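Asker: Here it is, the structure, as structure tokens.
Laboratory data are not the source of any read-out in this text; all were calculated from the coordinates shown. Note that the coordinates shown come from a computational prediction; the quantities given were computed from them, not determined experimentally. Reconstructed Cβ throughout: ideal geometry from the backbone, glycine too, with neighbour counts over all protein chains shown.
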Amino acid sequence: MNFALGCAFNVNDLFINFPIKKIKTHFIKINKIFGQPNKRIMAARIFKASVALILKDIIENNTVFKLPGGKSEIKVAKI
């Protein structure tokens, strides 16, 4: 059986070293909204939803999203 062993990651892998101490929301509120009292999972879900919204806006409205720092952007072009 062949497996793809290239470089791959998921959203949760991006937040392994995320500084959760800076999130001041209490665990009870996080549990009420997200169903789990985990700040790292909350940050990953918010990031995933925001990326989906950005990509949807880029595709539907042909907009350009400039990333912070001014050196990178995301846009769609026909190939």
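Asker: Among the trypsin sites (Lys or Arg not before Pro) in the stretch 8-79, which ones are in a DSSP loop with at most 15 other Cβ atoms within 10 Å of the Cβ? Mind listing them?
Answerer: Answer in residue order: Lys24, Lys71, Lys75, Lys78.
Asker: Only helical DSSP H runs with n ≥ 4 go in: add -39500 (n - 2.57) per run for the chain, normalise by residue count and round the 222 nm mean residue ellipticity to 500 deg cm²/dmol.
Answerer: Computed ellipticity for the chain at 222 nm equals -13500 deg cm²/dmol.
Asker: Loop-only chymotrypsin sites (Phe, Trp or Tyr not before Pro) in the stretch 7-79, please: DSSP not H, G, I, E or B, and at most 10 other Cβ atoms within 10 Å.
Answerer: Loop-located and lightly packed - Phe9.
Asker: Which entry in (1) 18, 54, 24, 4; (2) 21, 39, 23, 14, 3; (3) 15, 31, 32, 20, 3 matches P(r) over Cα pairs in 10 Å bins from 0, in percent derived from the coordinates of this structure?
Answerer: Checked against the structure: label (3).
Asker: Show which lysines lie in cross-link reach of Lys24 when reach means a straight Cα distance below 24 angstrom and same-chain residues fewer than eight apart are skipped.
Answerer: List returned: Lys32, Lys39, Lys48.
Asker: Using a Gaussian network model of the chain whose springs link C-alpha atoms within less than 10 Å, name the residue from Pro19, Pro37, Pro68 with the highest mean-square fluctuation.
Answerer: Pro68
Asker: Rounded to the nearest 20 Debye, what is the dipole magnitude of the chain about its Cα centre when Lys and Arg each give +1 and Asp and Glu each give -1 at the C-beta?
Answerer: Approximately 420 debye in magnitude.
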